[in-house]
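Novice: Below are the structure tokens for one structure; questions will follow.
The values are calculated or read from the model by the stated rules, or taken from the named source; none is laboratory data. In this text, all values refer to a predicted model and were calculated from it rather than measured experimentally. Virtual Cβ from ideal backbone geometry, glycine too; neighbours counted across all protein chains shown.
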Amino acid sequence: MDTVPTSALVALLILLVFLSAFFSASEISMMAINRYRLKHLAGSGNRGAARVARLLDRPDRLLGIILLGNNFVNILASSVATIIALRLYGETAIAAAAGLLTLVILVFAEVAPKTLAAGKPEKIAFPAAMILGPLLRLLYPLVWLINLLSNWLLKLLGARHVDSTTQLSSDELRAAVLEAGGLIPESHKSMLLAILDLEKMTVEDVMIPRGRITGLDLDDDWDDIAEQITSSRYTRLPVYRGTLDNIVGTVHLRKLIGPLKSGKLDKQGLEAIMVDPYFIPEGTPLTTQLLNFRKAKRRRGLVVDEYGDIQGLVTLEEILEEIVGDFTSQTLATPDLAQAQEDGSYLIPGTANLRDLNRQLTWNLPIGDSRTLNGLITEYLEDLPVPGTSLLISNYMVEVVQTRGPIIQVARLRERATPDEPSQA
């Protein structure tokens, strides 16, 4: 070192600081890069992304070569700075040189390059991989020894190897969708969030309750059945004897219109055309039922409890509407649940499904154990409702208008202007 000019040592020191900055920036950029975007770019033929992906397959080796290089250049820079200080100012300048070098490395080789790499990881990682890859192959025996010792130490301390594969939970995926901003259109964002919600919902959340199911009773007179077939606003109907719990099949009305008009249809012919009913156990998750519909090649099914009693009807359309929203036109088959009044309130039947109401009116009626408006009001009252009863439910003024026995037939609802007031009966 005595024969090396001081100017050359200064140039070497500057080079070592730049090398330290390179290793620091490489470390942060490799760790901060988006793994999913990286896989997409690598699969699209991006060579830089492919190099980075290969390095990240073994993060222990990647970190080994980066930290080996970073520590080597930092220690060497410290030695060179000490020699320069001794030549220029003597032993009294060693402490000052150490402090000055620490500040220089901290600012120019640590904070600044790492901040830059965290903000633009791809621009740093892709070219850095062109250097780190060959360097890793060159110094592989040394890196292997370092990893061996570090893994032995971790094992001695009881630490287990953690799989580097990044996996997102449903909540993390939801947060990623919400934070996507303008990268995902609002309509697509709503559908993605709805798909994530499906696994938390069961068939009871979207089923048509038993009281609203319309079917053909084979115990009725044939003239009544024929009239129901011609006037029904639905295309598929369950067929039963006496009670809905004694269901014998389902029928597509389009297959009945022709024979009915030609006078060739009777009860025996109806039974010959109908297909076996499709039953769904209560509590079935919507995601599971969506797959079951596809597997069974069915579009609707009857929800039954543990005793085999019919609880409601679930259709494929109802499940799909939970994902894409209401895509059906407002026809006789899909009437409005709420009738708007001049005073801004709505008259709503007690059998109205709460999810359908929230979707149609963009409300936020609470959905818990109760699935219909009648059940929600009864749950809050903790008593049988009578006409004229008023209550506040989650910022919605509710008035019972008409009842039939213990059942609410019609209720009036209005959204309050001031939110966040406690509910009271």
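Novice: Here are some conditions: (1) under 41 Å from the mean Cα position of the chain (by Cα); (2) in a helix (DSSP H, G or I). GLY45 meets all but one. Which one does it not meet?
Specialist: Against the list (1) under 41 Å from the mean Cα position of the chain (by Cα); (2) in a helix (DSSP H, G or I), GLY45 comes up short only on (2).
Novice: Criterion first (farther than 21 Å from ILE213 by Cα, surrounded by fewer than 19 Cβ atoms within 10 Å (Cβ to Cβ) and among the small types (Gly, Ala, Ser)) does SER390 satisfy it? Before you say what the answer is, go through the steps one by one.
Specialist: Details: farther than 21 Å from ILE213 by Cα: yes; surrounded by fewer than 19 Cβ atoms within 10 Å (Cβ to Cβ): yes; among the small types (Gly, Ala, Ser): yes.
Considered against the rule, which asks whether it is farther than 21 Å from ILE213 by Cα, surrounded by fewer than 19 Cβ atoms within 10 Å (Cβ to Cβ) and among the small types (Gly, Ala, Ser), SER390 comes out as yes.
Novice: Has region 13-28 got any residue that is under 16 Å from ALA129 (Cα atoms) and acidic (Asp, Glu)?
Specialist: Yes, some residue in region 13-28 is under 16 Å from ALA129 (Cα atoms) and acidic (Asp, Glu).
Novice: Can you work out which of the residues in region 195-221 that are out of contact with any Pro (no Cβ under 9 Å at 6 or more places or on another chain) and in a loop (DSSP other than H, G, I, E, B) is surrounded by the fewest Cβ atoms within 10 Å (Cβ to Cβ)?
Specialist: The qualifying residue surrounded by the fewest Cβ atoms within 10 Å (Cβ to Cβ) is ASP221.
Novice: If the Cβ limit is 7 Å and pairs must be 6+ apart or interchain, which residue in region 195-223 that is within 14 Å of PRO238 (Cα to Cα) pairs with which residue that is among the aromatic types (Phe, Trp, Tyr) and exposed (fewer than 15 other Cβ atoms within 10 Å of the Cβ)?
Specialist: If the second residue must be among the aromatic types (Phe, Trp, Tyr) and exposed (fewer than 15 other Cβ atoms within 10 Å of the Cβ), the pairs left are THR214/TYR234.
Novice: I would also like to ask the following. Suppose we filter region 224-234 for residues that are of a type outside the set (Val, Ile, Thr) and either surrounded by 15 or more Cβ atoms within 10 Å (Cβ to Cβ) or at pLDDT 90 or above (or both); how many remain? Steps first, answer last, please.
Specialist: The initial filter retains those residues of region 224-234 that are of a type outside the set (Val, Ile, Thr), namely 224, 226-228, 231-234.
Among the residues that remain, those that are also either surrounded by 15 or more Cβ atoms within 10 Å (Cβ to Cβ) or at pLDDT 90 or above (or both) are: 224, 226-228, 232.
Residues in region 224-234 being of a type outside the set (Val, Ile, Thr) and either surrounded by 15 or more Cβ atoms within 10 Å (Cβ to Cβ) or at pLDDT 90 or above (or both): 5 in total.
Novice: So ALA159 ticks every box in (1) assigned to a helix (DSSP H, G or I); (2) farther than 21 Å from ILE14 by Cβ; (3) aliphatic (A, V, I, L, M) but one. Which box is left unticked?
Specialist: Of (1) assigned to a helix (DSSP H, G or I); (2) farther than 21 Å from ILE14 by Cβ; (3) aliphatic (A, V, I, L, M), only one is false for ALA159: (1).
Novice: Being of a type in the set (A, V, I, L, M), touching a residue at least 40 places away in the same chain (Cβ under 8 Å), assigned to a helix (DSSP H, G or I) and buried (at least 19 other Cβ atoms within 10 Å of the Cβ): is that true of ALA128 here?
Specialist: Here the answer is yes, as ALA128 does meet what is asked.
Novice: Consider GLY182 against the criteria (1) exposed (fewer than 12 other Cβ atoms within 10 Å of the Cβ); (2) under 21 Å from ASN353 (Cα atoms): it satisfies all of them except one. Which criterion is unmet?
Specialist: Failing condition for GLY182: (2).
Novice: Out of ARG47, ARG51, report the one residue that is surrounded by 14 or more Cβ atoms within 10 Å (Cβ to Cβ) and in contact with a helix residue (DSSP H, G or I) (Cβ under 9 Å, 6 or more places away or on another chain).
Specialist: One residue alone meets the criteria, ARG51.
Novice: Moving on. Can you name the residue in region 242-258 that is among the β-branched types (Val, Ile, Thr) and in contact (Cβ under 8 Å) with a residue 24 or more places away in the chain and is also surrounded by the most Cβ atoms within 10 Å (Cβ to Cβ) among such residues?
Specialist: THR250
Novice: Can I ask one more? Being outside the structural domain of ASN374 (by TED's automatic domain parsing), in contact with a Ser or Thr (Cβ under 6 Å, 6 or more places away or on another chain) and under 30 Å from PRO59 (Cβ atoms) is the requirement here; does LEU196 meet it?
Specialist: Yes, satisfied.
Novice: Scan region 243-267 residue by residue and report those that are touching a Pro at 6+ places or on another chain (Cβ under 6 Å) and in a strand (DSSP E or B).
Specialist: Listed by number, the residues that qualify are ILE247, GLY249, THR250.
Novice: Then there is this: Among the listed residues LEU237, LEU270, LEU173, LEU192, identify the single one that is in contact with a Leu (Cβ under 8 Å, 6 or more places away or on another chain), at pLDDT 80 or above, part of a helix (DSSP H, G or I) and closer than 28 Å to PHE293 by Cβ. Spell out how you get there, then give the answer.
Specialist: On the way: LEU237 fails: part of a helix (DSSP H, G or I); LEU173 fails: at pLDDT 80 or above; LEU192 fails: in contact with a Leu (Cβ under 8 Å, 6 or more places away or on another chain).
Unique residue meeting the criteria: LEU270.
Novice: Now a separate question. Go over the candidates LEU38, LEU19, LEU63, LEU67 one by one and state the one that is surrounded by fewer than 16 Cβ atoms within 10 Å (Cβ to Cβ), under 25 Å from LEU138 (Cβ atoms) and in contact (Cβ under 8 Å) with a residue 12 or more places away in the chain.
Specialist: LEU67
Novice: Could I ask something else about it? Kindly evaluate THR115 against the criterion of being modelled with pLDDT of 90 or more, in the same structural domain as LEU12 (by TED's automatic domain parsing), assigned to a helix (DSSP H, G or I) and over 19 Å from LEU16 (Cβ atoms). Even if it seems obvious, please write down each step before you answer.
Specialist: Details: modelled with pLDDT of 90 or more: yes; in the same structural domain as LEU12 (by TED's automatic domain parsing): yes; assigned to a helix (DSSP H, G or I): yes; over 19 Å from LEU16 (Cβ atoms): yes.
In short, yes.
Novice: Here's a follow-up. Is there a residue being crowded, with 20+ Cβ neighbours inside 10 Å and in a strand (DSSP E or B) anywhere in region 362-379?
Specialist: Checking region 362-379: at least one residue is crowded, with 20+ Cβ neighbours inside 10 Å and in a strand (DSSP E or B).
Novice: Just to check your reading of the model, which residue among PRO5, PRO59 is at pLDDT below 90, under 23 Å from ALA81 (Cα atoms) and not polar (S, T, N, Q)?
Specialist: One residue alone meets the criteria, PRO5.
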